[in-house]
Every structure is written in structure tokens, then in C-alpha cells.
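The values are calculated or read from the model by the stated rules, or taken from the named source; none is laboratory data. Since the model is a prediction, treat every value here as computed from it, not as a measurement. Reconstructed Cβ throughout: ideal geometry from the backbone, glycine too, with neighbour counts over all protein chains shown. Ligands, DNA and RNA are stripped out before the accessible areas are found, and what is left, the full protein with its side chains, is counted by its heavy atoms. Shrake-Rupley method; radii C 1.70, N 1.55, O 1.52, S 1.80 Å.
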Amino acid sequence: MSGTPSRRLRAVVSRSGLPGDGVERLSARFDVTAWKGTAPPTPTELAGLVRGCEGLLVLGSDRVDAALLDAAGPGLRVVALASMGYDGLDVAAAVERGVVVTHTPDVLADTTADVAMALILMARRRLPAGMDALRRGTWGAFRMDAFLGLDVHGATLGLIGYGQIARAVARRAAGFGMRVRHHHPRRKEDDELSRWVPFDELLRTSDIVSVHTPLTEETKGMIGAAELALMKPTATLVNTGRGGVVDEDALLVSLRRGELHSAGLDVMTDEPRTDPSDPLFAEPHLVVLPHVGSATEATRAAMVDLAARNVAAILDGHAAPTPIPGTPALPGRHPRPMDGTRP
Ligand code: DGY
């Protein structure tokens, strides 16, 4: 008996050549279209690509707003981010449209925590200054007073936010003989790794403050001039969470005035930063990296794989493995839109 063959469901991927074989496995079962350009698609280009798709796999740096969701059309069932953070996604707009939204927890905490520790060591021990001297041929001679930094072992580490990545940093800090404390606005609990303290106390008493909060209305600019002024002049600030949580202008002022010892940023507002004369790159007590927290081959492949598994699950009619906290795991309109805030 012959019939019209059923159409394979369509999934769009916002980049080509993503690490791992997650997209390849998705392509074996669904009709997958990946963006071909070498540069990331503009919002208009992405809107053109997604028309009529049921599944969409995007990166954390892609903007997914109501306009993009509407461009995809009413058949869209899932938007899977290959990232843990979801500040680029309008969660409420997706949930209102019955679209499942997923992210990639569990697979990147240790890799990102490694970079937080690297930034702590680089900034506090002033290691890039040593490399700069070698590159410029100005090392000269061994001097007892050259390239002096501050100790990391024995220091007090304050973690702002206490999710998977912060706890992975706390585990590493124990090995460095650091005292660890944390602040989370709602979960006011101690555990075997760290003690909960109020926000101001954390800023005042920590030698190193490491930021691990998502970017939300609540956390935007949460480390500004007033908060930096509470920190010790010998303190180091590190941010591997999201740009925008730290006020970079205020940070530069503190560093230049010597009111803060050093800082390390893996994330910045307005990424990517492409101007080599950016004042952030010129500040000698500031180490800056281009958002590489999760950048290992294995971790990036695991992120893409998990995002692809989320797309496949929904297109197969199953619950998504890792929906964004507080959002439904199955598509369909919900009587009261959920706001997607973290529990
Ligand atoms: C994340 O997963 O949120 C990282 O910042 C990469 O996007």
C-alpha cells in the first residue's frame, strides 16, 4: 500500500562545524539545516533560517526573542541552548508559545571552575606581567622584588552565587588550603565546602571574590563602585559568570586607584570585544580572557551533544532531559506563563 511519505521533522542549528558528533546524530534522524556562514548569523539571517522548523539548536551568544520565535512559526517545539547560561533567551516568550527551552547544566562546571582558578592564580600572582616581560625582553635579572604577587594558598575565597560552577571552585579551593564562604540570596545554607555569609560580609572579608551568578535583572551591575569599595585593597575579583554582573568602568577606576589589587574576567559586557585598544585590555592589574570557561574539546562536545539530545527528545515526543529550571519539559501551551527564574 503506498501513501505519502511523512515529512521528517526539521531542526535548525545556528552554526556549522560544532564540536562532537551531536549534530551528526541529529542529522541521521531529522532534517537538519545548519547555518553555513563563517560569521555568526545576524538576527535577520537566523530568522530566515528558522522558518518552519520544529527544533532549534543555538549557542548562548545567539539572541532568541519573541521575533525569532514567531519567525520560526507555530510548529516550533523546542529551543535547545548549547550553554548553561540563558540570558540571551526570552524564556517567558518561549513558554507562552508552548516552546520547550533547554540548557546544558552538569557538563561544564568542572571545566569552567578550572578557568576560575586559572584567573585567580594569574591575577593574584601577576603571572601575565612575567610573560609580558619575557616577550618584550625586559626580564633583565632575577630580583627579589620583581613580579611580586599575593598568595593564593591560605586566602579567604568568597563565592557570589553557589551553583554547580561555584561548588566546583570550592572543591578546588579546598586543595589550595583556602577558606571558602559563599553568598546566595535564597539558599542560606552552609555545606561541607563553604559557609553562607551575608553579601556585604563576603565582600568585606574575602581576599578573593569569584562571581558565579547568572545575568538577570536582579544581578545586573551587582558589583559596582559601592561593592568594590567594600572589598579589601589587597583583594582580587574574578568573574566567570556573565559580563554585566560586574560594572567594568567602576572596576577600572578601583584598579587604577589601587583600591583593589587585581581582577580576572572571562566574561564581559558587549561580547565579543574586538578593539585591541579596549581599556580593559590595557589595565596591568586586570587579566582578561575571551569567554573560554567551557572551552575544552570534550566539554564543548558534551554541551552540543546534550543540546542535540534535548532537540531529539522533544521531536520524538519525550520529555526534554534538561529544561531550563522552572519551565515545562514538554511542549504545549500553559495556562499561566512561567517566568523561567531559577528556583
Ligand atoms: C555557558 O554555558 O553559559 C557558557 O558561558 C558558554 O556559553
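Just to be sure before I move on: is S194 exposed (fewer than 14 other Cβ atoms within 10 Å of the Cβ) and among the small types (G, A, S) in the structure I sent? So S194 does not fit the description; no. Give the residue that is farthest from T322 (Cα to Cα), with candidates limited to residues of segment 23-81 that are more than 16 Å from the ligand (Cβ to nearest atom) and of a type in the set (D, E). Among those that are more than 16 Å from the ligand (Cβ to nearest atom) and of a type in the set (D, E), it is E45. Here the condition is being away from the ligand (no atom under 16 Å from the Cβ) and open to solvent by 20 Å² or more (accessible area, probe 1.4 Å); of D132, D110, D114, it holds for D132 alone. For segment 42-61, name all the residues that are in contact with a strand residue (DSSP E or B) (Cβ under 8 Å, 6 or more places away or on another chain) and assigned to a loop (DSSP other than H, G, I, E, B). If the condition is that a residue be in contact with a strand residue (DSSP E or B) (Cβ under 8 Å, 6 or more places away or on another chain) and assigned to a loop (DSSP other than H, G, I, E, B), then G52, C53, E54, L59, G60 are the ones that fit. The requirement of being among the charged types (D, E, K, R) and more than 21 Å from D106 (Cβ to Cβ) is fulfilled nowhere in segment 78-89; no residue meets it. Before we move on, is R171 open to solvent by 30 Å² or more (accessible area, probe 1.4 Å), in a helix (DSSP H, G or I) and among the charged types (D, E, K, R)? Yes. Filtered by the rule that a residue be surrounded by fewer than 10 Cβ atoms within 10 Å (Cβ to Cβ), closer than 23 Å to H261 by Cα and among the charged types (D, E, K, R), segment 135-152 gives R143, D145.
All told, V95 meets the bar of being away from the ligand (no atom under 13 Å from the Cβ), surrounded by 17 or more Cβ atoms within 10 Å (Cβ to Cβ) and not in a strand (DSSP E or B).
Only one entry of A302, A235, A250, A263 meets the criterion of being farther than 28 Å from S206 by Cα and open to solvent by less than 60 Å² (accessible area, probe 1.4 Å), and that entry is A302. In summary, M178 fulfils each of the numbered conditions (1) closer than 30 Å to L59 by Cβ; (2) without any contact (Cβ under 8 Å) to a residue 60 or more places away in the chain with the single exception of condition (1). Within segment 210-232, take every residue that is in contact (Cβ under 8 Å) with a residue 40 or more places away in the chain and away from the ligand (no atom under 16 Å from the Cβ) and give me the one that is least open to solvent (accessible area, probe 1.4 Å). Among them, the one singled out is I223. Determine if segment 17-33 includes at least one residue that is small (G, A, S), in a helix (DSSP H, G or I) and either open to solvent by less than 10 Å² (accessible area, probe 1.4 Å) or in contact (Cβ under 8 Å) with a residue 12 or more places away in the chain (or both). Yes, segment 17-33 has at least one match.
If you go through segment 37-60 and keep only what is surrounded by fewer than 14 Cβ atoms within 10 Å (Cβ to Cβ) and under 22 Å from A295 (Cα atoms), you end up with G37, T38, A39. Of a type in the set (D, E, K, R), under 20 Å from L119 (Cα atoms) and touching a residue at least 40 places away in the same chain (Cβ under 8 Å), is that true of R242? For R242, the condition - of a type in the set (D, E, K, R), under 20 Å from L119 (Cα atoms) and touching a residue at least 40 places away in the same chain (Cβ under 8 Å) - is met.
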